[in-house]
Each structure stands twice: as structure tokens, then as C-alpha cells.
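The values are calculated or read from the model by the stated rules, or taken from the named source; none is laboratory data. Every value quoted in this text rests on a predicted model; they were computed, and no experiment measured them. Positions of Cβ are backbone-derived with ideal geometry, glycine not excepted, and every protein chain shown enters the neighbour counts. Please note that ligands, DNA and RNA were not included when accessible areas were found on the heavy atoms of the full protein model with its side chains. Shrake-Rupley method; radii C 1.70, N 1.55, O 1.52, S 1.80 Å.
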Amino acid sequence: MRLFLFFLVVLFSCTNDPKLVQDFVRDNKQPVEQIKGALLLHTEKGKVKVKVVANNIERFQEIQPALIFSNQLEVHFYNDSSQLQSTLKADDASIDEETKIMLAKNNVILISVNDKKLETDELLWDENRNKIYTDKKVKITTGKEVIFGEGFTSTPDFKKYSITKIHGTFDFATQTD
């Protein structure tokens, strides 16, 4: 008899409210996908334009930003001949799939193939406008100088750029007596 009562208690104590289960499953704060160790390629007419290497990606449904990258990522930008032009590195990033804007943040570095290097805390890439920009403080290192400023705009290849407010430069050129 005790065994029967035990099973009866267990049977009735283990019920789930279907509405609670449904609400849990529909929770927009939970990712619908999580990818570890990802390699994403964006191609146009069969040629690689962008390659993303990410340690962790979470995809969300019905909220923006829809893609959250964490634990470091690299974005490699290629020209029309599929030659590497620049690499963007950051600890974290997010992509708003409606506007096609990526926000890279925390230890952001952009390096061109000709060894120009940008360092900042936050950088945006607008895929539709083909622009990379920030209004944050930047440090740009070239083979000849270091430039400090605030505000930066460039194409993803980092060939030509502008700085809104230059705070100072340091020239590496050596002077001879």
C-alpha cells in the first residue's frame, strides 16, 4: 500500500503547466541558435568578399541585434579579385540584420595589408554603405607615424581614411645632424 501511495504522489507532483512551457520556449532572450568555432563566408559572383572567424555566435529571433559574437572574432575583407585587403579583430560584436550594420567593440583592431593599424574601443561596419567608422578615440599606426584622434571613417580595405579630430601625431622619421 505504501508503494502505491508513493507512486500516486510522484505521478501527481510531476506536472507541467503547458502555458509555462510555451512561454519558456518563446523566450526572446534565449538564442535560437548557438555556434562554437564558426567560419562564415560571404561571396559575390563566386568570389569571397568577407570571411568571419568567430569563437561564439548566438542568433536571436524577432529582436535586434539578431547575431551576437563573443569571445573574439576576426573579419577578413577581400577585394574584387578575392585578395585580402584588411582584417578586423575584436573581442565582441553584434550584427543588426535589418540595417546590415555590425558593431565591433572591446579591443578593436583593423589592420590593412600595407601594415596600417587602427586601434579603438568601438567600430561600426555598414555593409550597405561599404563604410567602417567610429566617433570614439582612435590610434592609427603607419610605417611613418602614429596618429591620435577622435572619429574615423574608411572603406573596409583601409586604403583611404579620415579622422575627425586629430589630437596629435608622432613622426618616426629620424633626424640627422
Q72 paired with K139, simple spin-label distance in nm, labels 7 Å along Cα-to-beta-carbon: 1.9
Pair-distance profile P(r), taking every C-alpha pair of the range 37-177, with 10 angstrom steps and integer %: 12, 40, 33, 12, 3, 1, 0
Heavy-atom accessible area per residue - the range 49-177, 1.4 Å, Å²: 57
Where a label projected 7 Å from the Cα of T169 along Cα→Cβ would reach, residues of the range 128-142 with amide N under 18 Å: 138-142
Local net charge near L103, Cβ-Cβ under 10 Å (Lys/Arg +1, Asp/Glu -1): -2
Accessible surface of the range 80-123, 1.4 Å probe, proportion on carbon and sulfur as whole %: 41
Relative contact order, percent, the range 57-167 [alpha-carbon distance under 8 Å, six or more residues apart]: 17
Which listed pairs, of K136/K160; K45/K139; K29/K159, have C-alpha distances above 30 Å, in listed order: K45/K139; K29/K159
Net charge, D121 excluded, C-beta distance under 14 Å - Lys, Arg +1, Asp, Glu -1: -1
At R0 = 22 Å, FRET efficiency that the Cβ-Cβ distance of N128 and E62 yields, to 0.05: 0.50
Computed over the range 59-128, Kirkwood Rh from alpha-carbon pairs, angstrom: 12.7
Pair E150, N107: separation of 7 Å Cα→Cβ label points (nm): 2.6
